[in-house]
Each structure stands twice: as structure tokens, then as C-alpha cells.
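**Q** Okay, here's the structure, questions in a sec.
The values are calculated or read from the model by the stated rules, or taken from the named source; none is laboratory data. All of these numbers come straight from a predicted model, not from anything done at the bench. Just so you know, the surface numbers come from the protein's heavy atoms only, side chains and all, with ligands and any DNA or RNA stripped out. Shrake-Rupley method; radii C 1.70, N 1.55, O 1.52, S 1.80 Å.
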Amino acid sequence: MASLSSPWVEWAGEYTKAAQAEALPPNEWAARVATAAAAAGERGDVQFSAGLAEMLARVVLSGESSGAAPAAAWKYAEAALAARLASPALLLTLLSSRVIPQRVARPTAYRLYLELLRRHGFKLCFQMKAANSNKIRQLIDDNLNLSQIFGFSACEPGVFIVEFVLCILWQLVDTALDDESLLELTPEKKAQWPTRPQDISAFEVSFSEQKPEKIEKLQRMNSVITIELIGHLLHNKVITRILSLARENMQTQWGLFTYRLRLLVANSSTLQASTMSLVAFQQLILDDHNVHGENKHSLHKKFHPMVASNPLSSPNGHCLGGSYSALWTPIDMYLEDCLDGSIAATNSIEILSGLVKALQAVNRSSWHDAFMALWIASVRLVQREREPIEGPVPHLETRLCMLLSIATLAVADIIEEADSRCGETDLSSHWKQKTATDDLRKELMLSLQALGDYESLLVPPPCIISAANQAASKAAMLVSGINSSSGYMESINETGNMRHLIVESCISRNLLDTSAYYWPGYINGHVNSMSHAIPSQLAGWAAFMKGTPLTQSLVSVLVSSPASSLAELEKLFEVAVNGSDDDKVSAATVLCGATLLRGWNFQEHTVRLVVKLLSHSDPADYSGRESQLIKHGPMLNVILTGISPVDYAPIFSFHGLVPELATVLMAICEVFGCLSPSVSWTLGAGEEISAHTVFSNAFILLLRLWKFNHPPLEYCIMGDGAPVGSQLTPEYLLLLRNSQVLSASSSSKSRSSQKQLPVTSSRSSQNPIFMDSFPKLKLWYRQHQACLASPLSGLAHGTPVHNIVDSLLNLMFRKANKGSTSIGSVSGSSSISNSSGPGDDGSHLWPQLPAWEILEAVPFVVDAALTACSHGRLFPRELATGLKDLADFLPASTATIVSYFSAEVTRGVWKPAFMNGTDWPSPAANLSMVEEHIKKIVAATGVDVPRLATGGTTLGRLPLPLAAFVSLTITYKLDKASERFLNLAGPALENLAASCPWPSMAIVAALWTQKVKRWSDFLVFSASRTVFHHNNDAVVQLLRSCFTSILGMSSTSLCCCGGVASLLGHGFGSHCSGGLSPVAPGILYLRIFRCIKDCSILAEDILSLLMLSVKDIAETTVSRHGSDKLKRTKYAMGHGKISLATAMTQVKVAASLGATLVWLSGGTTLVQSLFQEMLPSWFLSAQDLDRGGASGGTVYKLGGHALAYFAVYSGMFAWGIDPTPVSRRRERVMRSHLEFLASALDGKISLGCNMSLWRAYVSGFLGLVVDRAPCLLHEVDLKVLKKLSIGLRQWKEKELAVAILCRGGPEAMGVAAELILDSEW
């Protein structure tokens, strides 16, 4: 390596002085220097010499060149750079730190510097390959402190390129700002690198003086040239690509730089006076350039040239299968899936916000369209329940909760995430993040304004017309200037709709303000001030806030109307905690009424307050023997009873409180299950409740929170193939709860836009809780699991449990024992004798034992009773009556009865029971009707329904445990007292009957239809689902109907135009004069997939059906002419352009549907299997999609893109697109899949699929990841990214090859920069 002490460099310095004196032409000087260097043998430092660059810098700046004009030295420098003798980067670095600060006094030198920079400053490719490149980088780093300022070592060539380019451009921007005295507006109030003479510590120079007028003119000219050079660089593709790497990986420094650039654009008079376009400046400021130096939208067109996209612009554009609006169907599907009646332990707010973010990214839509899609899907969800069928399932209340609480909170989550990013960034990035947040709020406002055009969709259901009118009236009063704070309502002629309720929900969460009331068309009525009235609801809450005691009449008013403010809610909670015993009960009653169910504007607080009231814990200094929960028994019972109806549990589930609610219920069960029923309380109305009552209410509700009602077969053989959520257990719920506590304590995220109630800001306990904390519950749970696993055994004669069993059997069947027949005990050594005298009902003889002791004996009691019935010693009616007596005595025993019957059915050891109307009830009266209606329901799918009856003779027989179970359920009256039993037993009966051979469920439906005719529609629909449980081909046919219906290709579809209208229809119910109407295939599938025995095969079926749909699209939509065009050119489709774009949109719709079905059916486990097993297997096998050449080969290209979207949608739905994944599984899965792609591209894996399909998949999948979810690439090893890049370059996909590395994170930045330079763009 040469240095200033190298002989040839010293010679070159002397020769340069002589050449200047002789006015030697620059070309001759350069040739002589090159010859001398070669002759000296300094080959390592001839090209791009560092020593020569330093010498030239010193000569140029010295001003002492043997009396020659300084301009000659600049010409020699130019000649040396042109001949590649000196390092341009080093020479310009040395000049920049000297010339820029002296530009005011020496404008000519600065002008020459700018010219050198323009010509040679960014020709970096060959410089980085020079033999002395390491030394050059080190010298430049020493001068500019690149490593220290940017935080990355400049030793790596690619990293150095990024830092150097940003540094030089930054210097120019700072210079331009300093020329106009704008540096004072920066936070640092100074330049990053020196721009003034006082900053210089070396190379003191002395130039000849010039006239002030000439200097001033040159200065103005230099300012213009500086601005022009900045603009020139920003238009250079290579430069903008390098800058994109800085934006991706040096966010803090990038923010500082763009802050200065924004100041320049906004305040520079020189820039504003020029004719230069500001587009490049603005794109860089707004981050609207990608790693290819092009507009982001043009990148999408390059990677996905065939995709057609249109905004959600009109109310009429939401049903077309191939339309842009159909791409938002996953939101409709998820919302409808939440309403199937099952309880999930997830947080619907987080899932929904993640889903909206994923779709907004993949669909490349505006946030206006994303929010619009969410509102429309949520409103459609409510409208599908306008004519609900009656039955024990969640109805309109849960749908309204989803629209007016969950959807709004999902939007709030998205906006608050942007707010938090704004708060975490430094000052320089704050403006950009704040602008993005403001834009989100503006997009939300615009979406709600546009929502007003959907008048027919916004018509409120009858039950909320009053609430909608009140919301509209509130807006009208404010606009009219009438004070509503007093609680008095003027007589207002204002009709509201669901948009008014949505807006109120957004205002309450600070997403909008009351300026929304002034939107055009928001209010239509007028205010009539002649009459005044105060609604009873407002009067009741006003009286309560003024301190009126909670009398029975006031409680009745407050229960039926929701609180209207957080202040009312807080006071209600305060009374429930600190009031008298009667007031606590009253306050809890009010809290669990309309305030919980319809207080949508602050429901997230109400549900937490309810859980808080249930979790009364012992104080830290408490030394008593009894838990503090016991003294709150009456209030706890009121809450447990209040939240037991079917519409309440889903609300807690939506808000993600199932784990926490389950935990507090476990504590209540543990305490009250140890108390004798003699422990009781008398309520104010004279009603008496016992410890058994509180325990049973808590226990039954707890069991409903986990999949207690699912057949035990699922837990034994299904494994990872089980449907989503079916493996919930108490241990898992506790694990989720502990995880939430840990996450809440370590998370720095705060909801800035929502007021946090102090009492809800912390959980009842910050410590982890495990099953060992509940020994009695743990013992019962082990017995429950043993009952599922094997027949009962181990009960010894004379033990306490045996004595309880005998006592219970005697009391349950005392009337049967009055005859000559005896019922043998479970031990077989004794018989049940009559223990009560004639005429004695024996009610006082029920054992006064704690509930846990009774529950331990119940399985043996039920086993003995069922055995007696099977042997003819007990009539079926007596069996049902005895079991009901047991359940009436201890309602919690219902759970054990259910689990026993479920387990015994799966064992198959019991003889069948003939439902002949003599021994067992007969379904004959309704079985034919059930069959007819089942056929009508599934008519839209084309699935055949097995015959139920032949020649008037029923085939009605059921497994004995199922017959006993259904007989027990129909003994109950449909009243409030029986509701808790039916809420637990009903779903269990349905799942158990569905798991039994056909036509068990149809028989159960027919029997229940005889009992409750108004439930017939619900019961028949439940029976219709069983058709698919026993026939995998029927499931595939149903899935096929889902694809054809959304694409508008189904001849049996309810709506020929496709889209959501065909897929989900209008729910189910008696919507036509002929009774039940056909049910849309999407609704049907969402109601049956949880009972499919193995969901792992679903992904394979869905994948096959997706490709079959692509084949149909290719054959029916794309002409051969268009296919030929596709082969010849990448962009211009000519005649086939429009049809091909439409086909691609349909392909995206099909892919999004397939991904949604996989995600909803099997969750993250099934998505993982899709990436790691099914997709690789599919590519390895041969697939003939174009048999006969009907599509001209287009099907393979469309098929590859379909699989790409299918994979990306699936991954995003399962794991989101946030930079920090919620699960480590995403990292493992993406790494595994990309390694497979890299190995296949490298030739290490032999593929069996069509290569056109493979190429379309790889480029499509990687293009989508790069463009829409680059964070996924950060989780992949650099070696894999390099392999992918190499493979893509071999396919001539240079742009995508670079993009892969550019989005690979800081580790890949250097490699990406080198590739950008090597590509010679």
C-alpha cells in the first residue's frame, strides 16, 4: 500500500507543481503519472490511489502551486479521477471538510467541488473492488466519523456505501440550509458536519481576494447549483436505492436527515424559485420510494402486474365475486365465526385489528377502504340477525357488541399503535409519525361519512331504534345549541340509524369529536322547544347520581337502561364495593343488566369491573380462617346469575377476559364448594340462597368457558388435528391468564386515547396461579379425566363416598323403591331400600355435605342408575326424574352427569334404546318434517341427505346414555330457573348427538321440536350440520360450494353475483313463506367445522379446491389471446388485459377465502402444517391443471399467484404483520419455508410441479413479502436470503433479488448495497 511517503507519490507531488508551472494539459499529466506509478511497481495503489488522492487534496487546497492559478490543480484532480488514478471518494471527503466551510469566502473552489462531486462522487462500484479499498474506507471513516454517527461499522463495503452516500447528501442539504440561515430551525441548530470556517482545525488556506459583487453572485449561483445537485441525486435510481437501505436500517439517522430535507422543501426560497420538480423531495420525505428507487405503487405493479384493484366506492360494489370488495370477505367470515356460540379464550379486539392491518397491507388499500370494509362487515353482521331464529344461542346483543364495541376498539387499537410509535420515535421522526396518525383519524372520519350512503344497510333492528334515535337527537341538540347536560330532552324530530351509534362509540373513545355532528346529512330533523320531557331512564340515572337510595323501583329502572357515562359506571362500582349488603346486591344487579349488555361506549370497562367484583381477595394482613369471599356470597350470586345467559359469556370472550374470568371462578368454586348447604343468606326480597347455589352457578359458568361439552374422543385421538379452541382446559386457561399478567406488566404500550378507570388498571393478582392453588377443583378434574378415559372403578364398600352414593340413590329413586324392584348399588353388595316413610318426600334427607364431596360420588350414582335402567330394574321415566332431582338438589352435578354420559356413549358398550313412545319418547311425529327441512337447508350445497324414515316406520334408536341424556333434558321447563342447566347441557347434548351415528341428532331434534315448537328452526339447523360430521365428501362439497358461491360460479347459490352475499347470505331462519330457506354455504361451514374429527385434512382439501377454482377461472375468464399476450410480454396484455386483470382479482378472492378457511378451522397449527408440509409436498408432486390445454397454460401462472396469495394471507392471518411477532412460531415457520424455496432454487430439491407455476409462486410469494410484510425477512438467516437472491438473478428477476436483501434487516444491508452497485442500473 502506498502512502504520502511512497516514492512515486512524492514524485507525483513534485511533478504536479512543475506541470502547473508549465501549464501542462491535464491528459498529459495523468498519462505521465500513471506511467511513473506503473514503473515504480506500486500496482497495489495505482488505481484509485489513496496517496494520490491525499496529495491532490493538499495541492488543491494549498493555493500555492508554483505561482500557477489554483484552477489548474482542480483540472489535474479531475483528470486523475477520470483516469481512475485517485480515489474519488477519499478526495471528495478531504475536500468536503475543507471546501464547504470556506464556500462563502471561496465560492469558486466550492463550485469546482460541486462539479467534481456531480461527475465522480457516486461512481462507487469499481472503487469498492480496488485492492486498496479497505484503506480508503478506513481513511474516509477517520475523516467523517461514519461508524460513530451511523452506528454501523464502515469496514464492510456495502455498509460503507450506504453511510457514505447518505453523508454526502446530508452535507449538501445542511449546506443549502446554512446558505439560507435555516439550520437554526433544526433541533440541534447546527450542521452534522462542519459548514462554517470556525469548525475547521486544519488546512488553513489563503486564497486571492475577489470583488464582493462577484463573490455574492457566485454564492447565489452556488446555492442554486447545490439545490439542483440534491435534486439530481434524488432522481438517480442507484442513489435512491442506496438511500432506501438507510431508511430501512438507520431509522434514527434517517429521521434526522429527512427532517432537514423537509425544512428545505418548506422554507427554501431558492428551491421554491427554481423550476425543479419537488416530487423526488416529497417522495423521500414521505418514504414513498422503495428499495428500487421507484414509487411503491410501481413496485407492486412490477411484482404483481396482473392485479386489478378498485376502491370501495359505492354501495352497489359489495357483492361482485371478482370485485375488489370481495377481498375483504375474511372480516365477514371472522365476525360471523365469533357468533357461533362457542367461547374463545382469545382477544377479538387484537385479532380483528390484526386482520384489518393484514388485509390493508396485502390488498394495498387505503385506510379509508380498510375502515370502510370493517364497518360494512360489522353492520352486515347485525343485519343477518334481523329475523333471528329462537334457540339457546347468542343473538342480537352479541352482534351489537361486535359492531359498537369490538369493531370500534379494533380501530382504536390500530390508531393507538400509530400513536405509540409516534411517542417512541425521536423528534426528527415525530412529525412523520404524527402525520400518519392524523391521517388515520382523517381516514376514519371519511369512512364514517361515506358509510352514510348505505342507508338500507344502516336501518337499526327494532330493539335498538330508541337508542339510535337518542344518539341522533343528542347530535341535533348540540347542533341547535340546546344544553343537554341537565338531563332534559327537547321534543326532537330526529330519526337515527346505526351510523349514529357507531359515531357515538367512536366519540366516547376519543377517535372522533363532536364536530361529527356537523357532517352533511348527519342530522335531518328539527328541534321543537315548546314541550319538555325527561325520559324515565335519564331520570333514574340522574337520581342515582344525586344520591337517591337504590330502592327496588329505582333498580328496576336502572337495570333496563344502560349507564350513559363513565362517571355513572364508577359510582355504581363504588356502591358495589363500599355500600351496605343490600346496596351491594342492588348495584351488582344493575351492573349486570343493560349497562353490561348495551353500554357499548364503555363496555371494555364494564366487563373488567364485573370480573373485579368477582375477585374479592383476602387482604394482605388478613388472619382469619374463612375466605373473605364468603361474606360477599349474595353479591357474587347476583353477578353469577346475571352473566349466565347465553348472550353474556361471548362478550367476556370478545374482550379477552375468559382466562381471567375463569381464574376468579375457580377461586369461588374452591371456597364455596367446601361449605355445607347450611351456610345460606337471605336476600332483601326474602329469597334464600345457599352455598350450593353460589357454587353451582360459578361451577357451571366455569365449565362453559372451556370445551367441556365436546365429545371426549377429541381429546384422545385428534391431537393437532382438533378444531380451533377444542383443546381448552383449566390448566390452559390458567396458563393464558398468567401469560396475560406477565405481558401486561412488561408491556410499555398504553391506550392514550381511552380513559382508564383506576379500578381496572390492575388485575386482582399479579402473581402466577396454577391448578395447585385449587386442590378440590384439581381433584374433581382428575376424576373427570379418569371418567373420560376408562370405565368407573375403585369404589370400595363402606367408604364415605360409597355411603354418599347409596344415600343419593335412595333419595333419587325412593318412589321406585316402594315397589318390589330394588336397584343395586354400584358395589353390588347391597340394594337400595326405602328410607323414607309413606307420604314423605324425603327433601329434608338430602345430605348436607359440601358440594365437592357430593360431586365425587355423582359419577358412581349415574353409573348405578344407568346400569339399573339397562337391566330393566328402573324405568326410563324414573331414571330421568331421579337424575333431575339430583340436579335440582345440586345443579353443579349436571356437569358430572354430562361428562359421564358423553364418556359412556363413546365406549359403545351399552345396548341401544328404541325410541318407540312406550319405554322412551318417540320422535315419529316430527321426524319427517326434520328430514324435509334439513334437505331445504343444505339445498345450496348440493349435498345428499340420508333418509330418516321408510314406509312410515321410524328407525329411531339411540345409544342408551344418549337416550337417557335427552330424556333428562326434556324434563326441564323452559324458564329462568332451568336456564343454567340448559346452557350447559344443551351444547353438550348437541355435540354428543352429532358424534353418534346418523340419525341420532335428527332424532334428538325431533324430540325437542315436540317439546318446544318455537325452537324448531334452530333444532333442525343443528341437525342439518350432522350431515357433514359423518361424511367427509359432504364437507368437501360444502367447501366447494363456498368457493363457487363467492366467485359467482355457483348455479345453486343464493345470490348469483357472488361475493359475501352468496357466501354468507342472510344467516338462517324462516325467511321465506315456505318455512326454512336454504342456508348459505359459508354460514353452514362456520357452524360445522368445529365438530370435524380431523381438521388437518381440511388444508389439503382447501388447497385442492383453490386450484380447482383457479382452473375454472382460467378456462372461463381468460381468452387464449390474452394467454398468448401473457407469454410474450410482462406488462402489456393487449386484447386480454382487462380479462386477465379480472381473473387475477378473482384468484386473490379465492386465495383469501382459502386462507380464511384454513386459519379459522385449524388456527396457527394448521397454518404451520400448510407451510412446512402441504405446500412443499404439493410442489414436489406432479399436478396437471391444464389437461387438454383449455387455458393455454395460463392456469399455471394464475395458479402460482393463487398459491402465493394463499400462503401470504394464511401466514398474516395466523401471526400478523407486526415487526414483533406474538409467537416464535412465525419465525420458525418462515425460516423453514424460505429455506425450502432457496434449496429448490439452488437445485438441491427436484420439483414435480409445472415450472411456470413454480416460478409464479416464488416471485409472487417473495414479492408480496418484500412489498407488504418485510418484517418476515428479518427473521430469516442471511445465508438463505443470499441463496434466494442468487436464484432470482438467474431467473433475471434482478429487482426482486435486490429487494429480498434490502428488506432483510441491518445484517443484509451491506450485501444489498453491493448488489445494487453490481446490477449497474
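**Q** Jot down the radius of gyration and Dmax of segment 71-148, Cα atoms only, both in angstrom.
**A** 12.7, 38
**Q** So which of LYS135/LYS1279; LYS936/LYS1093; LYS884/LYS1093; LYS1013/LYS1093; LYS75/LYS123; LYS135/LYS1292 end up more than 29 Å apart, counting from Cα to Cα? Numbers along the way, then the final one.
**A** Numbers: LYS135/LYS1279 27 Å; LYS936/LYS1093 25 Å; LYS884/LYS1093 32 Å; LYS1013/LYS1093 31 Å; LYS75/LYS123 18 Å; LYS135/LYS1292 34 Å.
Distance filter (> 29 Å) returns LYS884/LYS1093; LYS1013/LYS1093; LYS135/LYS1292.
**Q** With a 1.4 Å probe and all protein chains left in place, how much of the accessible area of segment 979-1021 comes from carbon and sulfur atoms, in whole percent?
**A** Its accessible area is 56 percent carbon and sulfur atoms.
**Q** Accessible area of segment 1187-1321 with a 1.4 Å probe: how many percent of it is carbon plus sulfur? Could you put the intermediate results ahead of the total?
**A** Details: 2220 of 4740 Å².
After summing per-atom areas, the C and S share lands at 47 percent.
**Q** Using a Cα-Cα cut-off of under 19 Å, which aspartates and glutamates could be cross-linked to LYS442, ignoring same-chain neighbours fewer than 8 residues away?
**A** Straight-line reach from LYS442, under 19 Å: ASP369, ASP413, GLU416, GLU417, ASP419, ASP453, GLU504, ASP513.
**Q** Here is a follow-up. Under a 1.4 angstrom probe, counting protein chains only, how are GLU163, GLU115 ranked by accessible area, largest first? Intermediate results must be reported in sequence, preceding the final value.
**A** On the way: GLU163 0, GLU115 35 Å².
I get GLU115, GLU163, largest accessible area first.
**Q** Taking all protein chains as present, what is the carbon and sulfur share of the accessible area of segment 845-943, in % to the nearest whole number, probe 1.4 Å? Please list the in-between numbers first.
**A** Details: 1830 of 3440 Å².
Carbon and sulfur atoms account for 53 percent of the accessible area of segment 845-943.
**Q** Among the aspartates and glutamates, which fall within straight-line cross-link reach of LYS546, defined as a Cα-Cα distance under 17 Å, with same-chain neighbours fewer than 8 residues apart omitted?
**A** GLU568, GLU570, GLU574, ASP583
**Q** Same structure again: A 22 angstrom limit on the alpha carbon distance is what I want to check against. Which of LYS237/LYS1148; LYS571/LYS612; LYS1148/LYS1283 exceed it?
**A** Working: LYS237/LYS1148 31 Å; LYS571/LYS612 15 Å; LYS1148/LYS1283 28 Å.
Long pairs (Cα-Cα over 22 Å): LYS237/LYS1148; LYS1148/LYS1283.
**Q** If you don't mind, another one. Whole-Å semi-axes of segment 598-701's equivalent ellipsoid, largest first, each the root of 5 times a Cα gyration tensor eigenvalue?
**A** Numbers: eigenvalues 115, 55, 31 Å².
Semi-axes from the Cα gyration tensor: 24, 17, 13 Å.
**Q** Please list 3J(HN,Hα) in residue order for segment 1025-1039, calculated via the Karplus relation 6.51 cos²θ - 1.76 cosθ + 1.60 where θ = phi - 60°; whole Hz, with x for glycine and proline.
**A** For segment 1025-1039, the Karplus curve yields 5, 5, 3, 8, 5, 9, 9, 5, 4, 5, 5, 4, 5, 5, 4 Hz.
**Q** To one decimal place, what Kirkwood hydrodynamic radius in Å is obtained for segment 954-1060 from all pairs of distinct Cα atoms? Mind dumping the intermediate values first?
**A** Details: mean 1/r = 0.0640 Å⁻¹.
Averaging 1/r across every pair of different Cα atoms and inverting gives 15.6 Å.
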